[in-house]
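Novice: Would you mind keeping the following structure in view while I ask a few things?
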Amino acid sequence: MTGIKRITRAGGKQVYRIAFSFKGVECRETLALPHTKANDTYCERLRAEVLGKIGRGEFRYADFFPDSPRAVVFGSARARLLKDALEAYRDRVEHTFAPSTFAATRKAIDNVLVPWCGHIRITDLKPSDIRDWVGLQQSSLKRIMNVLLPLRAVLDEAVADEVIDANPFTRLKLAKLVPEAKRRSDFEPNPYTAAELLTLLARVPLPERLVFQLMAYTGIRTGELIALRWPRVDLEAGTLRVVETTTDGQDKDSPKTQAGVRTIPLLPAAREALLLMRQYTLLAGDRVTVNPKGGPWDYKRLAGRWRAAHAGTGIAYRNPYQLRHSFASNLLSEGENVALISKLLGHRTVQMTMQHYARWVAQGEELGLDRPPRRYGMTPLWAQEKAA
């Protein structure tokens with residue numbers, strides 16, 4: 001048998017040694033198989049396949065001899081477990097990701113990805129493994145995609161390092177694996193009407209009511225609201241300046257994007273909220289909004305207060321972020337300029353605004369040039385509190 005040798009070692013163990021040349025190196029690999037005619041044939045076919053792939057430039061050492069030291073020499077050592085790759089990625093990005101981004105990445109890796117696929121080697125993960133896992137999830141499509149981001153990144157690195165030929169994600173369309181009802185994110189626009197807002201706000205006691213009123217009539221993000229300081233508010237000029245945000249309880253010196261740094265002119269309903277808020281928080285510190293215990297709000301507590309306002313109203317609950325969408329959609333449907341709304345929202349581009357709010361932009365355009373005066377937020381909501 002050319003290039004194949006039967007060897008019997010001390011103690012009687014039988015092995016085969018296969019010889020071939022790869023990249024100018026004479027290679028000898030041992031297979032622990034008993035000497036039989038069937039194994040003779042197997043080794044001959046294996047060597048022929050190796051030589052064929054070498055001739056075509058397709059040979060990857062680890063595919064045939066994953067435990068061989070030469071797999072390391074030729075840069076195709078047997079791939080690590082996904083657990084090791086994911087944890088190495090987690091440790092590497094700790095100092096390059098923003099704290100909130102790293103926290104989400106760490107949770108996804110430690111709590112979801114490692115328990116699910118950590119035992120699988122990078123080379124062994126198949127599209128079907130991902131497909132089966134996605135099919136078991138009850139989360140929204142956006143949540144699933146966010147959890148899978150670290151895994152996708154690790155597999156992209158494996159492609160770049162030539163550990164695998166292709167990322168399994170390239171063969172999948174995740175949206176088609178999720179029930180249609182789950183494809184909609186809780187943060188996609190599902191706004192309240194002006195009438196619904198008035199009903200709900202009236203059911204929230206002071207001063208918490210003013211927090212939601214400010215969100216609904218300025219369009220600021222939840223984190224921007226929590227981070228807002230009184231020095232950023234100019235009631236005389238009728239503006240507030242967004243320069244900070246809060247994420248996972250940590251204050252950050254800049255908002256979500258550079259475009260997020262912006263000055264928002266105050267609608268009368270927003271100015272009213274700030275005027276009334278002064279008596280509750282102006283002397284308590286520099287934060288505009290604080291929770292009933294005197295500390296900063298967090299998203300969970302805000303959502304709980306907002307949910308309670310819906311009880312018995314027949315109005316479907318939406319999370320507090322929908323107050324931002326309500327600001328944009330109501331103004332756009334009344335004919336407000338989309339470029340202005342984009343700037344007030346802190347979007348990077350007008351195209352981003354159009355992507356989210358095209359339906360309401362179209363409603364505003366249908367009003368034509370002789371559209372009625374804008375009404376949303378143009379009058380104070382609580383004459384009785386204002387008089388007091």
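Novice: So what are the ³J(HN,Hα) numbers for region 316-326, from phi and the Karplus equation (6.51, -1.76, 1.60; θ = phi - 60°), rounded to whole Hz, Gly and Pro as x?
Specialist: 5, 6, 10, 5, x, 4, 5, 5, 5, 5, 5
Novice: Using packing as a proxy for protection, rank 360-367, 165-172 so that the peptide with the highest average count of other Cβ atoms within 10 Å comes first.
Specialist: Answer by packing, highest mean first, reads 360-367, 165-172.
Novice: Explain nothing, just the number: relative contact order of region 194-387, from Cα pairs under 8 Å at least 6 residues apart, as a whole percent.
Specialist: 25 percent
Novice: Just to check, using Stokes-Einstein with a Kirkwood Rh over alpha carbon pairs, what's the diffusion coefficient of region 30-130 at 10 °C and 1.306 mPa s in µm²/s?
Specialist: 96 µm²/s
Novice: Still on this model: Counting other beta carbons within 10 Å of each Cβ, put Tyr61, Tyr42 in order, fewest first.
Specialist: Tyr42, Tyr61
Novice: Continuing with the same structure: Hey, could you grab the Kirkwood Rh for region 113-229? Inverse mean 1/r over distinct alpha carbon pairs, Å, one decimal.
Specialist: 17.8 Å
Novice: By count of other Cβ within 10 Å, fewest leading, how are Met215, Met354 ordered?
Specialist: On the way: Met215 26, Met354 14.
Going from sparsest to densest Cβ surroundings: Met354, Met215.
Novice: Next up: With a 10 Å Cβ neighbour count serving as the proxy for reagent exposure, in which order, fewest first, do Ile54, Ile226, Ile264 appear?
Specialist: Ile54, Ile264, Ile226
Novice: Still on this structure: Enter the angle in degrees (range 0 to 90, nearest 10) between the Cα long axis of helix 37-56 and the first principal axis of the Cα atoms of the chain, meaning the one along which they spread out most.
Specialist: 60 degrees
Novice: Now for a different question. At each listed q (0.16, 0.19, 0.26 Å⁻¹), what is the log10 of I(q)/I(0) that the Debye formula gives for region 4-73 modelled as equal alpha-carbon point scatterers?
Specialist: These q points yield log10 I(q)/I(0) values of -0.57, -0.78, -1.26.
Novice: Within 10 Å, count the other beta carbons around each residue, average over each peptide in 19-27, 342-350, and list them highest first.
Specialist: 342-350, 19-27
Novice: Can you spot the lysines whose alpha carbon is less than 24 Å from Lys343's alpha carbon? Ignore those fewer than 8 places along the same chain.
Specialist: The qualifying lysines are Lys252, Lys256.
Novice: In addition: State the label only: which of (1) 152; (2) 214; (3) 180 corresponds to volume of the Cα convex hull per residue in Å³ computed from the shown model?
Specialist: Only one listed value fits the structure, namely (2).
Novice: List the pairs from Lys142/Lys173; Lys126/Lys176; Lys83/Lys176; Lys23/Lys53; Lys142/Lys176 whose alpha-carbon separation is above 19 Å, in the order I gave them.
Specialist: Distance filter (> 19 Å) returns Lys83/Lys176.
Novice: Compute the long axis of helix 141-160 from its Cα atoms, compare it with the longest principal axis of the Cα atoms of the chain, and write down the angle in degrees, 0 to 90, nearest 10.
Specialist: 40 degrees
Read-outs throughout are calculated quantities, based only on the coordinates presented, and are distinct from any laboratory measurement. If you're wondering where the values come from, they're calculated on a predicted model, not measured in any experiment. Cβ sites come from the backbone with ideal geometry, for glycine too, and all protein chains shown count toward neighbours.
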